[in-house]
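The values are calculated or read from the model by the stated rules, or taken from the named source; none is laboratory data. Values in this document were obtained by computation on a predicted structure and should not be read as measured data. Backbone-built Cβ (ideal geometry, glycine too); neighbour counts: all protein chains shown.
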Amino acid sequence: MFRLSFLKIWLPLAITITFLSGLIYLVVQQDIRIGANDPQIQIAEDIASQLANGQNPQYFMPLTKTDISKSLANYVMFFNQDGGLISSSASLEGKSPTVPQGVFITTKQNHETRFTWQPQAGVRSAVVAIYYKGAKPGFVLVGRSLREIEIRENQQEMIVLMGWTVTMLMSLSSVFIINKI
């Protein structure tokens, strides 16, 4: 009898605690990840606007290449309307990484695409691609490493897991004490 009433009280608490912990993790993780796009959105929109007005892509090209496997810096890539590379500040193993053709199809249809790109194992970027029109239509792609974002996500996961564990133990002991009275 003691066990049955104990489980009737604690099991709904445990389910609720687990659900709320998962919800907290999901909301914060998505906020962290979505925020990783903010600088790229602004840079890509500003550059696309200038390119649509006839500015030369080389004007926006950084002076140095960004090794996307090591650097946290933003990088910029320019493509013609067929998805052919014009120029790139991104470098991976000494050459410009290859962007999947599907990105250009989707971006041309939707004007803009935001995605996570993994050109190589362990190399992940938050990327914004924009299709621009004008005399020489094409695509601008701006990205940056997700390394620090993923570290924050892992820290968040540990905090929620610790909170879930402590809350589960507290609820378990509270129900046990109440049930003993």
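Answer yes or no: is there a residue in the range 125-140 that is at pLDDT 95 or above, more than 24 Å from Gln55 (Cα to Cα) and not acidic (Asp, Glu).
Taking every residue of the range 125-140 in turn, at least one turns out to be at pLDDT 95 or above, more than 24 Å from Gln55 (Cα to Cα) and not acidic (Asp, Glu).
Among the residues of the range 111-124, which ones are under 19 Å from the mean Cα position of the chain (by Cα) and within 22 Å of Pro57 (Cβ to Cβ)?
Passing the criteria: Glu112, Thr113, Arg114, Phe115, Trp117, Pro119.
Out of all the residues in the range 90-97, is one or more more than 22 Å from Arg147 (Cβ to Cβ) and of a type outside the set (S, T, N, Q)?
Among the residues of the range 90-97, not one is more than 22 Å from Arg147 (Cβ to Cβ) and of a type outside the set (S, T, N, Q), which makes the answer no.
I want to confirm something. Restricting to the range 1-34 and keeping residues that are of a type in the set (S, T, N, Q) and within 22 Å of Ile151 (Cβ to Cβ), which single residue is modelled with the highest pLDDT?
It comes out as Ser21.
Looking only at the range 140-157, count how many residues are of a type in the set (A, V, I, L, M, F, W, C) and under 15 Å from Gly122 (Cβ atoms).
3
With Trp164, Trp117 as the choices, which residue is outside the structural domain of Pro57 (by TED's automatic domain parsing) and either part of a strand (DSSP E or B) or touching a residue at least 60 places away in the same chain (Cβ under 8 Å) (or both)?
The unique qualifying residue is Trp164.
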